[in-house]
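Data first, discussion second: the structure below is written as structure tokens.
The values are calculated or read from the model by the stated rules, or taken from the named source; none is laboratory data. The shown structure was predicted, so the numbers you read here are calculated from the model rather than taken from an experiment. Note: ideal-geometry Cβ built from the backbone for every residue, glycine included; neighbour counts use all protein chains shown. Remember, those area values only see protein heavy atoms, side chains included, never the ligands or the DNA or RNA. Shrake-Rupley method; radii C 1.70, N 1.55, O 1.52, S 1.80 Å.
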Amino acid sequence: MTTQQAPIAKFLIVFAAFVIVVSGLKMASSLVVPFLLAVFIAMIVSPLLAWLKSRRVPGGIAIVLIISLILSIGLLLGAVIGASVDSFRQDIPVYSAKLSLISESIQQSIAQSGIAIDAEQWQNSFDPSAVMRWVGSTLASFGSVMTNSVLILLTVIFILAENTRFGDKLRMARGDKSSQAWLAELSTSIHGYLAIKSAISAVTGLLIYIWLTFLGVDYAVLWGLLAFLLNFVPTVGSFIAAVPAVLLALVQLGAGSAGLTLLGFVVVNFLMGSAVEPRWMGKGLNLSPLVVFVSLVFWGWILGPVGMLLSIPLTIIVKIALAANEDTQWISVMLGDSASLLDNKS
């Protein structure tokens, strides 16, 4: 094999391995998704576990307290949201029919102004009722994932139990401190991001819920939950969360309330995203906006709606892992934000 062929062959081998791994993840998504959710939950509550241990609370008791907290929140959300999800899914045909009528009236108004548009083509190209069906299927998929709550909870318990000893085990296995330093950097980045982002997302969802309740929009608790979940997706998540609530306000209350609903989403996300979040998170995640969008599509395609929720934490893990290896550091740089490069040069 010549020197010119060697890099090509190496690239093909790496690309083939990547395709195999991605295909395996997609085929095993029903098993991978609950595990990733457990890791996600464990990372969120890990700072709380560390805080309890710093107060000299025994590890076993600290884990029991945290699991009790998770169970309480889960039962509360299940009781409040479960009935709303079922009721909303039953009302989807009604909302879809009303949205179709509004769409047809818009098409007819455009036709009367002299712009001829085929009705069937308009319906295929512009179907706002599809958003409601997508929201219903997304909420149903989250519900189906939570049917594995026992498996998720057990996995969280074992992850928390291994949390404090994993670094020492890795150092003993590798025989040096470089792996532990890499693990510490990874844990600090992910834990800090998830803790701050969870708090900001919770406040965002609560404010959206209060505003929609004030306006009288149906299922305000669902749209608050959706705003909370999609706030983990930078840039596009807030816009996606606003669409179904605005459409429902349009169908239920009219154009004025729909405008106020949209205004509420814009104000809340502007305040939280432009004022609060940068103050807490500093320069942010150092991810390119294009990488954020591609990771949303990529992980969503592999793991479904849960993959969209976890797209940024998973991408951060990949970026830090690539940065730890000299051969792949250039990929980590390419995934970063160009603004950070300009700051480093200056």
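Just checking, does region 242-258 include any residue being modelled with pLDDT of 75 or more, in contact with a helix residue (DSSP H, G or I) (Cβ under 6 Å, 6 or more places away or on another chain), open to solvent by 50 Å² or more (accessible area, probe 1.4 Å) and in a helix (DSSP H, G or I)? For region 242-258, residues modelled with pLDDT of 75 or more, in contact with a helix residue (DSSP H, G or I) (Cβ under 6 Å, 6 or more places away or on another chain), open to solvent by 50 Å² or more (accessible area, probe 1.4 Å) and in a helix (DSSP H, G or I): present. A count restricted to region 1-15 and to residues that are part of a helix (DSSP H, G or I), hydrophobic (A, V, I, L, M, F, W, C) and either open to solvent by 50 Å² or more (accessible area, probe 1.4 Å) or under 24 Å from G74 (Cα atoms) (or both) stands at 6. Out of D91, D127, D86, report the one residue that is at pLDDT 70 or above, surrounded by 14 or more Cβ atoms within 10 Å (Cβ to Cβ) and acidic (D, E). Sole residue among the options that is at pLDDT 70 or above, surrounded by 14 or more Cβ atoms within 10 Å (Cβ to Cβ) and acidic (D, E): D91. Cβ separations smaller than 7 Å between residues 6+ apart or across chains give the following pairs from region 63-88 residues that are closer than 19 Å to Y209 by Cα to residues that are hydroxyl-bearing (S, T, Y): G74/S149; S84/Y219; F88/Y219. Does L36 satisfy the condition of being touching a residue at least 24 places away in the same chain (Cβ under 8 Å), open to solvent by less than 80 Å² (accessible area, probe 1.4 Å), assigned to a helix (DSSP H, G or I) and farther than 28 Å from W223 by Cα? So L36 does not fit the description; no.
Applying the criterion of being at pLDDT below 80 and of a type in the set (S, T, N, Q) to the residues of region 226-241, the residue that is surrounded by the most Cβ atoms within 10 Å (Cβ to Cβ) is S238. Every condition in (1) open to solvent by less than 60 Å² (accessible area, probe 1.4 Å); (2) part of a helix (DSSP H, G or I); (3) modelled with pLDDT of 80 or more is met by M43 except one, and the failing one is (3).
Is there a residue being in contact with a Ser or Thr (Cβ under 6 Å, 6 or more places away or on another chain) and under 22 Å from P305 (Cβ atoms) anywhere in region 52-75? Within region 52-75 (the criterion being in contact with a Ser or Thr (Cβ under 6 Å, 6 or more places away or on another chain) and under 22 Å from P305 (Cβ atoms)), the answer is no, since none of the residues qualifies.
F158 meets all of the listed conditions (1) at pLDDT below 75; (2) more than 30 Å from V251 (Cα to Cα); (3) open to solvent by 90 Å² or more (accessible area, probe 1.4 Å); (4) of a type outside the set (V, I, T) but one, namely (1).
Q112: open to solvent by 90 Å² or more (accessible area, probe 1.4 Å), modelled with pLDDT under 70 and either among the polar types (S, T, N, Q) or within 30 Å of L160 (Cα to Cα) (or both), yes or no? Here the answer is yes, as Q112 does meet what is asked.
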